[in-house]
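The values are calculated or read from the model by the stated rules, or taken from the named source; none is laboratory data. For clarity, every value in this text was computed on a predicted model and none was experimentally measured. No Cβ is skipped: glycine too gets one built from the backbone with ideal geometry, and neighbour counts run over all protein chains shown. Areas reflect the complete protein model, heavy atoms only, side chains present, ligands, DNA and RNA absent. Shrake-Rupley method; radii C 1.70, N 1.55, O 1.52, S 1.80 Å.
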Amino acid sequence: MRRQNLEQETYQRFSVLQRLLHILIAIGFTGLAITGFARAFSSVGIVRALSWFLGGADGIVSLHRFFAVFTYVCVVVHGLWLFYFKIILKGSLTGRGSMLPCKKDLETFLEHVRYFFAQRKEPPSFDRFAYWEKMDYWAFFIGMQTMGITGLFMWFPEFFSSFLPGYFINLAQLLHFYEALMAVIVKMFIHTIVVTLRPEVYPADLSIFTGKVTKEEIIRHHPGEWEAMSASTEGAAVVKKETT
Amino acid sequence: MDQMRHLSYHRRVNANRVLLACCAFICLMSLFVLAERAHSEGMPASSSSWFIDMNRFAQSAHAALTCQRCHGTMMEGMRPHPDRQDSASLKADPMKTYDYGRCAACHQQAYDRYLRGEHAKAMIRQKEPKTVEEQQAALARPAPTCGDCHSSHYVKAHLSRVEIGVQMTETCGSCHPAQRASYLADIHGRTGVYLGKPAAAYCTDCHGAHNCVSLKNKEEALPVCQRCHKGATAGFTSVVIHAGQPVMTKQSAEKQRSTAIIQIVGRIVKIAVILVIAFFVLHTFVWILREVHRKLREY
């Protein structure tokens, strides 16, 4: 009730490209998970029904490789955009608003844990990207590289075994499977719960789809960012003000 | 009032539809399960005994043959068959007394390959055991002849490649269970047996149908890999297919090392995955609890 008194000023948190890539990656990731697990758990009867629906053994492999290339292209586009942002737009990829992990993340993490156990009254002062958001981002970014490499090992075993020991193919299968299991649990359950069911954002934090956050949300969830924005105009480089 | 009745009617219709959809879903799923069961029941039964089920024999690949074609005249050694005087004859294992050389009359190529293959060599070794252990092994697991793998009376003709492949996984696996398990865990077994891809490799595609070679050295294995993997080089043969199998790894130091590395990495990765997931689950759970607590305090 009290919130309605605050002015509903909104700020842009995610650009159009970031929002689009998030949706595309979510689609690609889900496709990868379904086709990959349909293959990995093919010894289970119900999963075989799914794999029959997806076009049998060949269909699953083709779909899985399609989604893999599709998702990796999204990662490449994001990387190219970072270069464009840095070199052409002369933007800053470091500082308080950046995705790069820093010492403050560890501190805010420890403070957050203290807050969990009521050793603090308020959550720590998160910057534009809190430590768990950075973890989500880097887990995916690094995970895509390792999944890509192990995936290529299985896609072209003849080529890779010509200069590497044969058991690398077996290791690739092992790592690909366990990393997929981890990624699916962390992304599809943990990430989804954190951005939807958490009381602070319930029913959902839709800023990744709308791109907008209200002033109140910034103050509540990213106080460090708000401080930086109001302290100097430096914050304007990363947070463009948008009038509504 | 009228409107309410109208609404409840619609609700009932909708409930009926949902119920119908659920039932249809369950029926479909049970059909799938039944189809799977039926699919896996196509295994050969105990192949040969003195008693032949003529109904099943009539449907087999050998149905066109008369008994005499394989069993000769019914006067074995001038004694009528069955011999009512000699009760012991029926107690002997027919698979051990039958002369499988007669199969060669039609299946000459398969028979020649069998004679050159590992199973025949094992039989020769077993006939003259050098140690007590070998003798015991020969008694416990006698080397197979035709009848041990093929059901002469009930073998089905015109099976698809996948059906034959699924059957042979069970047949070979009854003596080589570790190989069967590791094959089914491997990508060849999963695509071949579970996903039913005809182009996948089954037991005999690598090891040969009747020679049954174990492909221990690389020179032997490479052309076998190259049948499907055209660009394979010598390094490709050291990809472990039957992983985690102590019987086989004993014979090759390289394979032993590879298997050990795979096992150790597998254990480390499992622990790491469990730790990561445990961290995130706990972190999220406590976080949500704390925020619920904070919200309750605020209001």
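Some points to look at:
- The protein assembly as shown, helix-only ellipticity at 222 nm - DSSP H runs n ≥ 4, -39,500 (n - 2.57), divided by all residues, nearest 500: -19000 deg cm²/dmol
- Relative contact order for segment B:104-229, counting Cα pairs under 8 Å that sit 6 or more residues apart, in percent: 26 percent
- Remark: relative contact order (chain A) = 33 percent; criterion is Cα-Cα distance under 8 angstrom and separation of 6 or more residues.
- Taking 7 Å steps out from each Cα toward its Cβ at residue B:260 and residue A:46 produces label points 4.2 nm apart.
- Extending 7 Å from Cα along the Cβ direction at residue A:76 and again at residue A:107 yields two label points whose distance is 4.1 nm.
- Along chain A, longest interval not containing exposed chymotrypsin sites (Phe, Trp or Tyr not before Pro), exposed being DSSP loop plus at most 10 other Cβ atoms within 10 Å: A:1-116
- Inter-label distance, nm, simple model (7 Å from Cα along the C-beta direction), residue A:9/residue B:53: 8.4 nm
- Axis angle, to the nearest 10 degrees, between helix A:167-184 and the longest C-alpha principal axis of chain A: 40 degrees.
- With contacts taken as Cα pairs under 8 Å and at least 6 residues apart, segment B:95-155 reaches a relative contact order of 35 percent.
- Helix axis angle, A:131-155 relative to chain A longest principal axis, alpha carbon, degrees: 20 degrees
- About the Cα centre, charge dipole magnitude for segment A:1-75 (Lys/Arg +1, Asp/Glu -1 at Cβ), debye: 140 debye
- In this structure, residue B:160 and residue B:135 have a Cβ-Cβ separation that, at R0 = 45 Å, corresponds to a calculated FRET efficiency of about 0.60.
- 32 Å Cα-Cα threshold exceeded, pairs from A:212/B:270; A:86/A:187; A:134/A:215: A:212/B:270
- Of the trypsin sites (Lys or Arg not before Pro) found in segment B:210-299, the ones in coil according to DSSP and having at most 14 other Cβ atoms within 10 Å of their Cβ are B:216, B:227, B:230, B:250.
- Dipole magnitude for segment A:2-242: computed about the Cα centre from +1 point charges on Lys and Arg Cβ and -1 point charges on Asp and Glu Cβ, it is near 180 debye.
- Charged neighbours of residue A:58, selected by a Cβ distance under 12 Å, balance to +3 (K, R count +1; D, E count -1).
- Against chain A, whose longest principal axis is taken from its Cα atoms, helix A:56-87 shows a tilt of about 40°.
- Under the convention that each Lys and Arg Cβ holds +1 and each Asp and Glu Cβ holds -1, the size of the dipole of segment B:252-299 around its Cα centre is about 60 debye.
- Pairing chain A with chain B buries about 4600 Å² of accessible area. This figure sums both sides and uses a 1.4 Å probe.
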